[in-house]
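Novice: Right, I'll just put the structure down here and ask away after.
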Amino acid sequence: MLFILVQMFEERVKSRIKVIYFVALGSIMYYLIDGYVDLGVYVTYRHVLALLLIFSAFCCFIVKPDIPRMAAAFKSCLAFSAPTFVFLIFSLFIWAYNREEPAIIARGLSSNFLFINHFSSVFAAGAFLYIFGEKGIWYNLAALLIPYCSYIGSVMLEYGVNAYIQELWILIRTFAGETGDIIQNAEVHELAFCVGAYLMYMMINPRKSFLFWTIFLIAAFLYISAFKRIAIIAMLAVVPVCLLLKLWAKKGNKRAVMKIVGLIMLFSCAVLLIYVGLVHEGLFEWLEKAGVDTMSRSDAYEWAKRYYTFSPAFLGNGIGFLTYQLQNDGNLLGLNTIHNDFLQYFVDIGFWGYIIWLLSMTVFRTAYFGRGDRTDLAINTAGIMLWTLIVSATDNTLRYPLFITVMSILIMGCGFDDRVVEERSRIFGETHEIKSRSNC
């Protein structure tokens with residue numbers, strides 16, 4: 001009896017150590033947004049820390065392997081990374097077709113797989129899920145909130161809580177029309193979108209828990225401090241649709257809901273293709289003339305026209321092309337970002353690559369994670385993706401590695417424990433009833 005108690009105590013201590021270690025490592029990753037290490041090539045701190053998370057999870061697997069859980073995590077990561085595979089494959093085709101010099105290919109690959117790496121971002125999320133299961137969603141949130149709270153806390157200490165609250169109220173009252181210097185110092189652009197994704201997830205999948213709503217309010221305060229207007233508008237548009245679809249599915253209309261979700265994803269792809277065409281034809285110039293402040297986006301899009309045509313004959317330029325042009329030609333004009341993920345991907349991988357990339361990001365992901373008539377998982381995937389697509393129409397959200405980590409853990413983590421049960425049954429031939437323990 002004493003031996004059993006000692007074993008239980010040891011397991012509990014080991015579990016606590018794992019939580020502290022992974023949350024601490026994740027917090028450092030979210031904290032070190034800027035900066036890189038020179039290893040002969042430039043590698044960002046967050047990429048190095050993402051790799052360290054993956055390596056740490058692999059070490060845990062070596063010591064005490066859980067094959068079904070590893071299989072579920074690995075498959076989910078590969079499925080979620082489908083758009084990155086599309087991006088890479090089409091770029092290789094473009095370079096081969098254009099007979100590009102090795103230096104140009106190396107430049108494109110290094111900028112996207114060393115300085116920015118979506119594979120490491122996704123697999124870092126997979127590391128949290130392998131170690132903690134669906135609880136990894138919340139441990140990752142803890143790792144995100146700790147540095148963000150420290151950023152805002154330091155600003156409050158420097159300028160005073162009252163001054164911060166006063167500027168925050170002005171920001172809310174004017175719907176971000178007026179932004180004070182204090183609030184600007186507190187804004188952490190990439191982390192704001194990461195927290196916004198979590199708010200989306202929590203609103204789509206609410207729980208009857210005091211702790212849940214306490215965390216929600218903390219996250220909401222942090223997000224409002226950044227006040228990304230497009231993201232708030234997207235939430236107001238997407239959340240009601242997701243909740244209505246969930247309600248309809250509960251009434252026994254699962255197949256109809258799955259069809260609607262698929263149609264929404266297809267429709268979003270069509271809209272985003274048309275959107276790039278409208279940008280090429282001067283949509284943002286028209287908005288400027290109509291009195292809308294596009295914050296220099298119309299100038300950026302006009303500059304980008306020289307590098308693409310909106311036509312099925314446009315094959316693209318390959319990974320990292322537009323980023324390189326921004327760093328050189330764009331810098332001369334005061335441009336450092338294009339503020340439009342979809343235009344950037346269109347310029348890089350062309351008309352047909354762009355369409356397949358969109359389909360892999362929307363239709364494929366929704367179908368994969370919602371397979372087996374899991375409408376709750378399909379709605380969760382579609383809701384987070386739709387919100388992300390709207391936000392990315394005027395920002396570079398899809399190129400933020402930390403945001404990719406958050407988006408992937410929210411989609412892969414929903415229903416993850418059930419997928420582990422499926423893998424256990426498949427690998428070991430054990431029959432387990434899946435009771436949908438997921439709260440999604």
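The values are calculated or read from the model by the stated rules, or taken from the named source; none is laboratory data. Since the model is a prediction, treat every value here as computed from it, not as a measurement. Because the Cβ atoms are built from the backbone with ideal geometry, glycine has one as well, and the counts that use them run over all protein chains shown. These area figures cover heavy atoms from the full protein model, side chains too; ligands, DNA and RNA do not enter into them. Shrake-Rupley method; radii C 1.70, N 1.55, O 1.52, S 1.80 Å.
Novice: Among the lysines, which fall within straight-line cross-link reach of Lys18, defined as a Cα-Cα distance under 30 Å, with same-chain neighbours fewer than 8 residues apart omitted?
Specialist: Partners within reach: Lys64, Lys75, Lys135, Lys208, Lys435.
Novice: Taking only Cα atoms, what is the 0 to 90° angle, nearest 10, from helix 67-80's long axis to the longest principal axis of the chain?
Specialist: Approximately 10 degrees, to the nearest 10.
Novice: What order do Glu423, Glu100 take when sorted by accessible area (1.4 Å probe), most exposed first?
Specialist: Putting Glu423, Glu100 in descending order of accessible area: Glu100, Glu423.
Novice: So, in nm, how far is label Val48 from label Thr179 when the simple model puts each one 7 Å beyond its Cα toward the Cβ?
Specialist: With each label point 7 Å from Cα toward Cβ, the separation is 3.0 nm.
Novice: Next question, about the same structure. Would you mind working out the accessible area per residue for the range 105-221, using a 1.4 Å probe, and quoting it in Å²? If you can, show how the numbers build up before the last one.
Specialist: Numbers: 5000 Å² over 117 residues.
Result: 43 Å² of accessible area for each residue.
Novice: Taking the chain as the reference, fit the longest principal axis to its C-alpha atoms, fit the long axis of helix 2-31 to the helix C-alpha atoms, and give the angle between the two in degrees, 0 to 90, nearest 10.
Specialist: Roughly 10 degrees, rounded to the nearest 10.
Novice: Rank these residues by their accessible area, most exposed first, probe 1.4 Å: Ile390, Ile232.
Specialist: Numbers: Ile390 55, Ile232 35 Å².
Ranked from most to least accessible, the order is Ile390, Ile232.
Novice: Something else about it: Which loop-located trypsin sites (Lys or Arg not before Pro) does the range 62-120 contain, where loop means any DSSP state but H, G, I, E or B and the Cβ has at most 13 other Cβ atoms within 10 Å?
Specialist: On the way: sites: Arg69, Lys75, Arg99, Arg107; in loops: Arg99.
Passing both the DSSP loop test and the Cβ count: Arg99.
Novice: Also, I was wondering about something else. Could you work out the per residue convex hull volume over the alpha carbons of the range 325-432, in cubic angstrom?
Specialist: On the way: hull volume 13.3 nm³, N = 108.
So the per-residue Cα hull volume is 123 Å³.
Novice: Return the carbon/sulfur percentage of the accessible area of the chain, one whole number, probe 1.4 Å, all protein chains in place.
Specialist: On the way: 13890 of 20910 Å².
Ligands and nucleic acids excluded, carbon and sulfur give 66 percent.
Novice: Let me ask something else. Within the range 106-150, list the residues whose amide N lies under 19 Å from a label point set 7 Å along Cα→Cβ of Ser209.
Specialist: 128-146
Novice: For the range 33-106, which semi-axes, largest first and in whole Å, follow from the square roots of 5 times the eigenvalues of its Cα gyration tensor?
Specialist: Working: eigenvalues 185, 85, 20 Å².
Working through the eigenvalues yields semi-axes of 30, 21, 10 Å.
Novice: Per q in 0.06, 0.07, 0.12 1/Å, what log10 I(q)/I(0) does a Debye calculation on the alpha-carbon atoms of the chain return?
Specialist: -0.27, -0.36, -1.11
Novice: I've got another one for you. What is the range 121-200 by shape, rounded, prolate or oblate, if you read a ≥ b ≥ c off the alpha carbon gyration tensor as root eigenvalues and call it rounded for a/c under 1.5, prolate for a/b larger than b/c, and oblate otherwise?
Specialist: Taking the square roots of the gyration eigenvalues as a ≥ b ≥ c, the range 121-200 is prolate.
Novice: Which order do peptides 201-211, 357-367 fall in by mean Cβ count within 10 Å, highest first? Working shown, then result.
Specialist: Working: 201-211: 14.9, 357-367: 21.7.
Order by mean packing, descending: 357-367, 201-211.
Novice: Round to the nearest 10 and give me the degree value, 0 to 90, for the angle of helix 118-132's Cα axis relative to the longest principal axis of the chain.
Specialist: Here the helix axis deviates by roughly 20 degrees.
Novice: With +1 assigned to the C-beta of every Lys and Arg and -1 to the C-beta of every Asp and Glu, and no other charges, what is the dipole magnitude of the range 196-348 about the Cα centre in debye, to the nearest 20? All intermediate terms of the calculation are to be shown ahead of the outcome.
Specialist: Numbers: 14 positive and 9 negative charges, 268 e Å.
Using Cβ point charges on Lys, Arg, Asp and Glu, the range 196-348 gives about 1280 debye.
Novice: Quick one: Cα centre-to-centre distance for the range 57-96 and the range 372-433, in angstrom?
Specialist: Measuring centre to centre over Cα atoms gives 14 Å.
Novice: Once the whole set of protein chains is in place, how much accessible area is left on Cys60, using a 1.4 Å probe, in Å² to the nearest 10?
Specialist: Result for Cys60: roughly 40 Å² accessible.
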